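The values are calculated or read from the model by the stated rules, or taken from the named source; none is laboratory data. Treat the numbers as computed from the prediction; the structure is a model and nothing was measured. Because the Cβ atoms are built from the backbone with ideal geometry, glycine has one as well, and the counts that use them run over all protein chains shown.
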Amino acid sequence: MRKRISRKLRGARFLFIAIGTIFLITLPISLSKETINEEHVIVQIAFLIICAVLYYLFDKAKVVEFDSGYMYITGKNSREKIPLKNVYKIKLTMIRINNRSMWKIGYYDALNIQKSVRILPKWFNKHFDEFVDSVKAVNKDLSYKSWSHSFDFDQ
């Protein structure tokens with residue numbers, strides 16, 4: 001039975017579409033006034049760009065699940081099935097969303113190429129700890145770091 005260890009973040013992209021649409025509608029209104037407030041227009045454009053970037057990041061978010069022998073990574077247009085023995089690194093990153101830390105999972109794909117996926121574990125869920133224990137049982141060479149610092153460039 002598959003257990004999901006990551007949150008489904010793709011749905012949050014619609015929030016940024018809504019916020020971006022509001023800024024897109026108010027921008028021509030700000031530009032059509034006799035005296036244009038340049039600071040107001042710059043702030044609107046900056047927030048529009050931020051909404052676009054956040055939409056892109058949430059749109060490419062992946063769902064990570066695991067069972068007794070495999071890790072499954074499901075993206076917008078892709079699916080990968082990775083044996084747990086191919087996971088070589090589980091590492092805490094400094095990125096925090098809603099007081100939850102993101103984790104980076106490094107693995108070797110079917111062609112033995114190093115890849116990684118970042119996840120935000122589900123709240124009040126022990127599946128992530130079970131995943132770590134399952135990988136540790138299969139891969140004795142696992143690099144597991146439950147801490148991070150500002151000079152850690154492998155985020």
### Given (1) farther than 18 Å from residue 73 by Cα; (2) at pLDDT below 80; (3) surrounded by 12 or more Cβ atoms within 10 Å (Cβ to Cβ), index of the condition residue 122 fails
(1)
### Task
Kindly check whether there is at least one residue in segment 66-74 that is part of a helix (DSSP H, G or I), out of contact with any strand residue (DSSP E or B) (no Cβ under 8 Å at 6 or more places or on another chain) and among the hydroxyl-bearing types (Ser, Thr, Tyr).
no
### Query
Can you pull out the residues in segment 15-37 that are hydrophobic (A, V, I, L, M, F, W, C) and either assigned to a helix (DSSP H, G or I) or surrounded by 14 or more Cβ atoms within 10 Å (Cβ to Cβ) (or both)?
15, 16, 17, 18, 19, 22, 23, 24, 25, 27, 29, 31
#### Entry: Test result for residue 58, under 16 Å from the mean Cα position of the chain (by Cα) and either more than 30 Å from residue 108 (Cα to Cα) or of a type in the set (S, T, N, Q) (or both)
no
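From the list 144, 108, which one is among the hydroxyl-bearing types (Ser, Thr, Tyr) and at pLDDT 90 or above?
Among 144, 108, only 108 is among the hydroxyl-bearing types (Ser, Thr, Tyr) and at pLDDT 90 or above.
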### Query
Considering 121, 83, which residue is within 18 Å of the chain's Cα centre (by Cα) and in contact (Cβ under 8 Å) with a residue 12 or more places away in the chain?
121
#### Entry: When residues of segment 38-78 are limited to those that are surrounded by 12 or more Cβ atoms within 10 Å (Cβ to Cβ) and of a type in the set (S, T, N, Q), the one farthest from residue 9 (Cα to Cα)
44
### Scope segment 89-119; condition in contact with a Phe, Trp or Tyr (Cβ under 8 Å, 6 or more places away or on another chain), surrounded by 18 or more Cβ atoms within 10 Å (Cβ to Cβ) and among the hydrophobic types (A, V, I, L, M, F, W, C); matching residues
90, 103, 117, 119
### Query
So which pairs qualify, if the first residue must be in segment 24-39 and in the same structural domain as residue 52 (by TED's automatic domain parsing) and touching a residue at least 12 places away in the same chain (Cβ under 8 Å), the second must be part of a helix (DSSP H, G or I) and surrounded by 12 or more Cβ atoms within 10 Å (Cβ to Cβ), the Cβ gap must be under 6 Å, and the two must be at least 6 apart or on different chains?
27/44; 30/40; 30/41
